[in-house]
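A short write-up of the structure that comes next.
Just so it is clear, none of the values below were taken in a lab; they were calculated from the coordinates. As the structure is a computational prediction, the values presented were derived from the model and not from experiment. Note that each Cβ is placed from the backbone with ideal geometry, even for glycine, and that neighbours are counted across all protein chains shown.
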Amino acid sequence: MRFIEPIDTKNLASRIAAEGAVVVPGALSSDTVEELVRLAELERWHKAESIVGTSQVEQDYFVVEAFHRESVFRLLAEKTSSWVNTWGSLTTGWSWLRFNETRLQRYDTNSRGISPHRDGLRYRQIIALYVLEGGGRFGLCDDRTESKQPVNARVLQMSAGDLVLMRAAGFLGEDIQPMHFVDGVQERRITYGLRYVP
């Protein structure tokens, strides 16, 4: 299985800094995506808590957080860590990372998604998110209403095989955490998220 198709990383860090998150199209080939979805369906999924944190974030998805030692998902996390460090090391203020908190998330048809939230200061540098099935909307926003709807939403266009790179605390020396959300899940959505906790 081939991981991470050739990607133009020119100005990638500056784009992430300016936009908060960037979609890298076609990071995984269609054959790789198909195999990852097949393997994901064999994992042991459990329902995520419906409300979490002091901000009372609402979420409606299933999750896999533990992978066996030889899992292809562990290998993908290692390959992605190496790739991110390769281009990240060319930018001022970069600190080496290794994605050590990974999870599959599955939003079934008509899922409520996840309300606007920030991931927290414990996650550092970059958050990477592979799209394996692209139902629903992923977007950034400036704030949220009392009913937990996004304010000034900016939806990122993406499809299966794309990679989302979102800045996390410490990226280029700044503790900026974009507020983001998932909604509009009219077809199943599966993502594989990678985070780094020092």
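The table for this structure:
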| item | result |
| --- | --- |
| Fluctuation leader among LEU28, LEU129, LEU90 - the chain, Gaussian network, Cα springs under 10 angstrom | LEU90 |
| Region 1-52 shape via C-alpha gyration tensor axes, a/c threshold 1.5 | oblate |
| Charge sum, other residues only, whose C-beta stays under 15 Å from GLU78's C-beta, Lys/Arg counted +1 and Asp/Glu -1 | +4 |
| Shape of region 146-198, Cα gyration tensor, a/c cut at 1.5 | oblate |
| Mean ellipticity per residue at 222 nm, deg cm²/dmol - from DSSP H runs of n ≥ 4 across the chain, formula -39500 (n - 2.57) | -5500 deg cm²/dmol |
| Order of ILE51, ILE16, ILE114 under a 10 Å beta carbon neighbour criterion, fewest first | ILE51, ILE16, ILE114 |
| Relative contact order (%) - criterion: Cα under 8 Å, at least six apart; region: region 12-195 | 31 |
| Summed residue charge, Cβ within 14 Å of THR32's Cβ, Lys/Arg positive, Asp/Glu negative | -3 |
| Residue of GLY139, GLY173, GLY161 that the Gaussian network model of the chain assigns the largest fluctuation, springs spanning Cα pairs under 10 Å | GLY173 |
| With 10 Å bins from 0: P(r) over the chain, alpha-carbon pairs, percent | 9, 37, 39, 14, 0 |
| Tensor-based shape of region 17-128 (alpha-carbon gyration tensor, a/c under 1.5 rounded, otherwise prolate or oblate) | oblate |
| Cα centroid separation, region 6-78 to region 123-151 (Å) | 12 |
